[in-house]
Amino acid sequence: MTSLAFLLPIALGMGLCGLAAFFWALKRGQFSDLDGAAARILIDEDEDEA
Amino acid sequence: MTAAARLVGTEAAPPIHSVFSVPGMHCAGCMGKVERSLNAVPGVTSARTNLTARTVEVVHGEGVETPDLIAALAGAGFEAQPRVIAEEAPSAVKPLLAPLAVAGFACMNVMLMSVSIWSGAEGTTRDMFHWISAAIGVPAIAYAGKPFFSSAFAALKRGRTNMDVPISIGVTLATGLSVYETVTGGAEAWFDGTLMLLLFLLAGRALDAMMRDRARAGVDALLRQAASGAMVVEADGTTRWTAAAALAPGMVMRVAAGERLAADGVLVRGASRFDQSLLTGESALVAAKAGDAVHAGTLNAEAPVDVEVTAAGTDTALAEIARLMEAAGQSRSAYVRIADRASRLYAPAVHTLAALTFAGWMLAGQGIYHSLVIAIAVLIITCPCALGLAVPVAQVVAAGALMKRGILVKDGSAMERLADVDRALLDKTGTLTLGRPVPDEAALDALSADEAAVALALASNSRHPLSLGLAQALAAREVRAAVLEDVAEEPGRGVTARWQGRRVTLGRPVAAEGMATALDLGEGPARVIGFADRLRPDAIEALGELKALGIECSILSGDGIVAVSEVARQTGLTARASASPADKQQNIASLQNTGRRVLMVGDGLNDGPALAAANASIAPGSASDVGRQASDFVFTGESLMALPRAVRASRRTMRVVRQNFVLAIGYNVLAVPLAMAGLVTPLIAAVAMSTSSLIVVANSLRLQGAAR
């Protein structure tokens, strides 16, 4: 039973951290351009001005 | 990143954020080019593209003007328009993401508690778990349920009911009962089931909203078709770039060849021909000389002209069409979605069952508390969890399949409406036809290799519609452009240049019928290349398939009788020519009055009111912004086969939706007797709810191949 006293707050705390992280990302516009985020990795920074 | 250092010294003035729409941006390479070209403009702090919305946000100092940035983008090969912030509709998904996350978090945590209760926790452990569940569950239900509560409240206030009413009643009663059980140390709390219900329903809502958002990204806002500004000539002869909103009657705009007019006006200097096809559907260029009236949204095809503004902004012919459209959307707003129609039958049935159960157990002498618990169990088990998923999941899967085939679906109700359509009206210019002049194949075949190379080189130096068509056709034949010197375009006459010491011209032929251009290489007779607006390649086949689907087609065009009858002869359809935007709208209304459900297919500004008035509408991707905005579906590519494909996919989707309803209601038929008998526990409710939802989702996934 005593283990529950630790495990419950830890589990809930971790869950809340995840929730907070999601809200933070939502607020910062991380979900505003999902297609662009996928394509951005392919941008070649060293490409000459064409 | 490197541009950040460039803005030293301008910190005093706050940076300006400008947003441009860049419709041509569609890959990582484009994004890189757009951002690099803007960062290279002095005074620009940063540029960040958004591929989903096809926009770029530029942060810059005061010295940077809109035309500079547009010129920089044009230099990189991208057409761009400044975006008016007010046009931006809010995202439909975003307000649902936070409730979805909260419901997911709370559902998982409460379910952990519930598992230990189901596996036999008792006494104080069970009470503590119930209390923790309540602490998480009650605020989470209040927050995540808000979209349903507010929608149900709005419906009830207008004396109507929708799917959200039974959901809200079920959720509220279940939460109340669970809190009561927790406080009194009872055996069963329903927080887990309630949260799972909200999670599934929110997932359905979010999917529905996501589909709308995704399609909206490809569709631009109204009135953007008008050039968003013009070079205004001052009294002293200087020119100044003025935004469309600031144009006032009396100003004189200088309009270069290839530009669109920003306002209605009267030609005061010069003469040119104008492409009005988006405004009237007319395919031939219309000549205008000093004193003639010209309209906003038309394209100046040939020579630079000065136009005195007579009406701007809300007074233009364009704005008149927008007003017609606003009034036209009635058949759309009167449409009741299938999920709401189902709930009209479903909600009363469920509530009667719950009331009967309560009355039955009371009569059996079980006391208020026990009867109430069983009645609420009935409400929870019948809460339309699978019903809430039945429609959106099927529609999202089908919309994804259609999108892969180049058909954008604006929203789910569009598919429901398209599935019912039994009559189709098609615009001619730009819909049945390609909407641009295509050179005669035989004339191109007759050109020698040299002639073709010179023709391409000359055509690529002009923005005249015929030159653009010729250049495109020759490029498609893999002709390489010849090297020319001293290229000059003489407005209204054509392009001249020197090639291997000879004078070559591409211009208006001396005598020719219809649209044509003459290529003169300085020796031998000039080659005359005829142009015509041709039918889309598989138009006939597509019309045949529509007929096979039971949809009667006819042409409804704003173009003249001669051009229309030619296309009518080729397609074998009946036709109506010279229809004004209001005529088109009336035509649809009279068909609707005879009980037909009408599909409108069109592209122009003049089709806007008709597209908005029809039961369902489809526009090609080449359509005007107004056309794309007013229609439910937008197809990219040249093939008209998109029409039968969209109809077939919509009908299949509705079949699957109905199957889903049968599955969801079938589950209720099995579960409700158990609930009424008082045999349902929270565990059974949770299992039944997720199983039925999974079955409905699995059935919907069969639609992945719906767009074949």
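Any read-out appearing in this document is the output of simple, stated calculations on the displayed coordinates, not a laboratory observation. None of these values were measured; they are calculated from a predicted model. Virtual Cβ from ideal backbone geometry, glycine too; neighbours counted across all protein chains shown.
For this structure, a couple of remarks:
- Remark: mean inter-chain Cβ contacts per residue of B:119-131 equal 1, using a 10 Å Cβ-Cβ cutoff to other protein chain atoms.
- Gain upon complete extension [residue B:450, residue B:287; 0.36 nm per residue less C-alpha separation]: 55.4 nm
- When you count the other C-beta atoms within 10 angstrom of each residue and take the mean per peptide, B:432-443, B:198-209, B:30-41 line up highest first as B:198-209, B:30-41, B:432-443.
- What the Cα convex hull of the range B:350-404 gives, in volume per residue, is 53 Å³.
- With one equal scatterer per alpha carbon and no solvent term, the Debye-computed log10 I(q)/I(0) for chain B at 0.05 1/Å reads -0.34.
- Whether the range B:97-139 is rounded, prolate or oblate, judged on the alpha carbon gyration tensor where a/c under 1.5 counts as rounded: oblate
- Karplus-derived HN-Hα couplings along the range B:578-589 (A = 6.51, B = -1.76, C = 1.60, θ = phi - 60°), whole Hz, x at Gly and Pro: 6, 8, 7, x, 5, 4, 4, 5, 5, 4, 5, 4
- Overall size of the range B:18-104 from C-alpha positions, given as principal axis extents largest first: 48, 28, 21 Å.
- Integer Hz, Karplus 6.51/-1.76/1.60 couplings in order for the range B:525-531, x for Gly and Pro: x, 5, 8, 9, 10, x, 10
- Listed peptides B:256-265, B:420-429 by packing density, highest first (mean Cβ within 10 Å): B:420-429, B:256-265
- Cα gyration tensor shape for the range B:435-535, rounded if a/c is under 1.5, else prolate or oblate: rounded
- Each DSSP beta bridge with both residues in chain B is either parallel or antiparallel, and the antiparallel ones are about 80%.
- Lys, Arg +1 and Asp, Glu -1 on Cβ, resulting dipole of the protein assembly as shown about Cα centre, debye, nearest 20: 2540 debye
- For the range B:675-686, 3J(HN,Hα) per residue [Karplus equation, 6.51 cos²θ - 1.76 cosθ + 1.60, θ = phi - 60°, Hz, x = Gly/Pro]: 5, 5, 7, x, 9, 7, 9, x, 5, 4, 4, 5
- A Cβ-based charge dipole, computed about the Cα centre of chain B with Lys and Arg at +1 and Asp and Glu at -1, lands at about 1940 debye.
- Over the range B:435-535, Cα pairs under 8 Å with separation of 6+ residues give a relative contact order of 29 percent.
- Checked against a 29 Å cut-off, the cross-linked pairs B:157/B:584; B:94/B:584; B:146/B:404; A:27/B:404; A:27/B:157; B:547/B:584 give Cα-Cα distances beyond that limit for B:157/B:584; B:94/B:584; B:146/B:404; A:27/B:404; A:27/B:157.
- Peptide B:30-39 has a mean shielding of 3, counted as Cβ atoms of other protein chains within 10 Å of each residue's Cβ.
- For A:30-36, mean number of other protein chain Cβ atoms within 10 Å: 6
- Prolate/oblate/rounded label for the protein assembly as shown (Cα gyration tensor, a/c 1.5): prolate
- Considering only beta bridges that DSSP places wholly inside the protein assembly as shown, some 80 percent are antiparallel.
- Alpha carbon centroid spacing (whole Å) that separates the range B:333-392 from the range B:393-430: 33 Å
- Distance in nm between pseudo-label sites at residue B:569 and residue B:79 (7 Å out along the Cβ direction from Cα): 3.3 nm
- Peptides B:149-158, B:523-532, B:345-354 ranked from most to least packed by the mean count of surrounding Cβ atoms within 10 Å: B:345-354, B:523-532, B:149-158.
- Value of Rg to Rh for the range B:229-311 (Rh from inverse mean 1/r over Cα pairs, i.e. Kirkwood): 0.94
- Dipole of the protein assembly as shown, positive end: most advanced residue of B:600, B:39, B:419 [Cβ charges, Cα centre]: B:419
- Distant-in-sequence amide H partners of residue B:553 (H built 1.01 Å from N, under 5 Å): B:424
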